[in-house]
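Below is one structure; the comments refer to it alone.
The values are calculated or read from the model by the stated rules, or taken from the named source; none is laboratory data. Just so it is clear, the structure is predicted and the values come from calculations on it, not from any experiment. Every residue, glycine as well, gets a Cβ built from its backbone with ideal geometry; the counts of neighbours run over all protein chains shown. Protein only, heavy atoms only, side chains kept; ligands, DNA and RNA dropped before computing areas. Shrake-Rupley method; radii C 1.70, N 1.55, O 1.52, S 1.80 Å.
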Amino acid sequence: MIPVKAVLFDYGMVLSGPIDPTAWAQMRSITGLSEELLHRGYWAHRHPYDRGDLTGLAYWRNVATDAGILLTPDQIEALIAADVDLWGQLNLPMLEWAQSLQRAGFPTGILSNIGDAMSAGLLARFDWLAHFNHRVWSHTLNLAKPEAAIYRHAAEGLNTPPANILFIDDRLDNIEAAIAAGMQAIQYHLDHARFEQEMESRGLTSLLRLAPAEPAAQTS
């Protein structure tokens, strides 16, 4: 069995939990759109936004154009804030495991499809994001999962061969692309007990129970 020497996490639906229905309701209130129209517009341009083809401002303007409405700058600012809230609920079991890896000195990274305004909002909100050894926000590279190049970039950033990286993502297409890039991968379903069972079935139980690293000895 090839050893795992670094763990690479997706953000949405892995480190974060389900979307916040209160934030979604706020978006509907700001735009005045029906559930169907907001859902359609929100996802129609999401991949170009995550990839960096669109800024947050351009993304929301496109959503508005598709729906046949106009949004003021203040409304767009409010929608960007609500979008951060939408993805701001945390998946505490996974986050706590990631932090236990970090306390043990085990390399961790993030590989997330995310737009510029979203990443800025999350970084301002969550100090713990800075504790990952390497973070890949897709918009900064003008790439997005499942493009092969973004997995190579993540592996290089972790200074770890792809075969020794365990990647965790909620989407099957992203998992398949990671495997094609040479990584080990597990699809996550917001069911942490099921995830731990999968880890155990792969002989990775020790990663779930790592002890904190001892501080370096002081020299006089």
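Numbers for the structure displayed
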item	result
Filter pass, residue 105 being within 23 Å of residue 196 (Cβ to Cβ) and in a loop (DSSP other than H, G, I, E, B)	yes
Filter result for residue 100 (hydroxyl-bearing (Ser, Thr, Tyr) and free of Cβ contacts under 8 Å to residues at least 40 places away in the same chain)	no
Top-ranked residue in the stretch 193-219 [being assigned to a helix (DSSP H, G or I) and open to solvent by less than 30 Å² (accessible area, probe 1.4 Å); ranked as farthest from residue 104 (Cα to Cα)]	195
First in the stretch 191-203 and touching a residue at least 40 places away in the same chain (Cβ under 8 Å), second anywhere and of a type outside the set (Ser, Thr, Tyr) and surrounded by fewer than 12 Cβ atoms within 10 Å (Cβ to Cβ), Cβ under 7 Å, 6 or more apart	203/1
From 141, 111, 190, residue being within 18 Å of residue 89 (Cβ to Cβ), in contact with a helix residue (DSSP H, G or I) (Cβ under 7 Å, 6 or more places away or on another chain) and aliphatic (A, V, I, L, M)	190
Residue check, residue 55 in contact with a helix residue (DSSP H, G or I) (Cβ under 7 Å, 6 or more places away or on another chain), exposed (fewer than 15 other Cβ atoms within 10 Å of the Cβ) and of a type in the set (S, T, N, Q)	yes
Qualifying residue in the stretch 149-167 (condition: in contact with a Ser or Thr (Cβ under 7 Å, 6 or more places away or on another chain), open to solvent by less than 40 Å² (accessible area, probe 1.4 Å) and closer than 19 Å to residue 8 by Cβ)	yes
Residue check for residue 142: loosely packed, with under 14 Cβ neighbours inside 10 Å, at pLDDT 95 or above and out of contact with any His (no Cβ under 7 Å at 6 or more places or on another chain)	yes
Leading residue by the ranking (nearest to residue 123 (Cα to Cα)) among those in the stretch 59-107 that are surrounded by 16 or more Cβ atoms within 10 Å (Cβ to Cβ) and β-branched (Val, Ile, Thr)	84
Counted residues, the stretch 61-102 - those being part of a loop (DSSP other than H, G, I, E, B) and either acidic (Asp, Glu) or over 24 Å from residue 178 (Cβ atoms) (or both)	7
Every residue from the stretch 1-39 that is open to solvent by 10 Å² or more (accessible area, probe 1.4 Å), part of a helix (DSSP H, G or I) and either of a type in the set (Phe, Trp, Tyr) or closer than 30 Å to residue 131 by Cβ (or both)	12, 13, 21, 22, 24, 26
Test for residue 185: is it in a helix (DSSP H, G or I), open to solvent by less than 40 Å² (accessible area, probe 1.4 Å) and modelled with pLDDT of 95 or more	no
Complete set of residues in the stretch 147-174 that are β-branched (Val, Ile, Thr) and over 21 Å from residue 101 (Cβ atoms)	150
